[in-house]
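For reference, the structure discussed in these notes is given below.
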Amino acid sequence: MQTIFVQFKCHPGQAYDVADVVVRTLEETSEIYSTSGHYDLLAKFYLPAEADIGHFVTSQLQTIEGVKDTFTLVTFKAFN
């Protein structure tokens with residue numbers, strides 16, 4: 001299992017619509033939050049170990065209507 005965090009910059013007024021699409025249509029979604037700062041949303045995704053992260057981001061996330069830009073963080077280890 002791979003864990004990634006993706007920040008979304010949305011077109012004005014579209015952040016809640018984008019969050020709704022992510023939650024409803026992507027089973028890989030763990031959590032999504034509205035945020036302040038340079039990006040509007042922060043989402044956590046769990047992908048299968050063999051998944052192509054770049055393909056997931058470019059084909060599943062960046063194509064959502066209302067998404068202007070994304071920033072992806074790949075994680076290495078979770079600490080308890």
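Which count do you get for residues in region 22-46 that are in a loop (DSSP other than H, G, I, E, B) and over 27 Å from F76 (Cβ atoms)? Count: 0.
Criterion first (of a type in the set (D, E, K, R) and not in a loop (DSSP other than H, G, I, E, B)) does K77 satisfy it?
Spelling it out, it is not the case that K77 is of a type in the set (D, E, K, R) and not in a loop (DSSP other than H, G, I, E, B).
Within region 27-80, the residues that satisfy the criterion of being in contact with an Asp or Glu (Cβ under 9 Å, 6 or more places away or on another chain), without any contact (Cβ under 8 Å) to a residue 40 or more places away in the chain and hydroxyl-bearing (S, T, Y) are S34, Y39. Taking the listed residues A49, A19, the one that is in a helix (DSSP H, G or I) and among the aliphatic types (A, V, I, L, M) is A19, with no other qualifying.
Output the residues belonging to region 36-68 that are over 22 Å from M1 (Cα atoms) and open to solvent by less than 60 Å² (accessible area, probe 1.4 Å).
Of everything in region 36-68, those that are over 22 Å from M1 (Cα atoms) and open to solvent by less than 60 Å² (accessible area, probe 1.4 Å) turn out to be Y39, D40, L41, I64, G66, V67.
Give region 1-35 a look and list any residue that's over 15 Å from F71 (Cβ atoms), open to solvent by 70 Å² or more (accessible area, probe 1.4 Å) and modelled with pLDDT of 95 or more, or say none. Answer for region 1-35, where residues must be over 15 Å from F71 (Cβ atoms), open to solvent by 70 Å² or more (accessible area, probe 1.4 Å) and modelled with pLDDT of 95 or more: H11, P12, G13, Y16, D17, D20, V23, R24, T25, E27, S34.
The values are calculated or read from the model by the stated rules, or taken from the named source; none is laboratory data. Every value quoted in this text rests on a predicted model; they were computed, and no experiment measured them. No Cβ is skipped: glycine too gets one built from the backbone with ideal geometry, and neighbour counts run over all protein chains shown. For accessibility, only protein heavy atoms count, side chains too; no ligands or nucleic acids. Shrake-Rupley method; radii C 1.70, N 1.55, O 1.52, S 1.80 Å.
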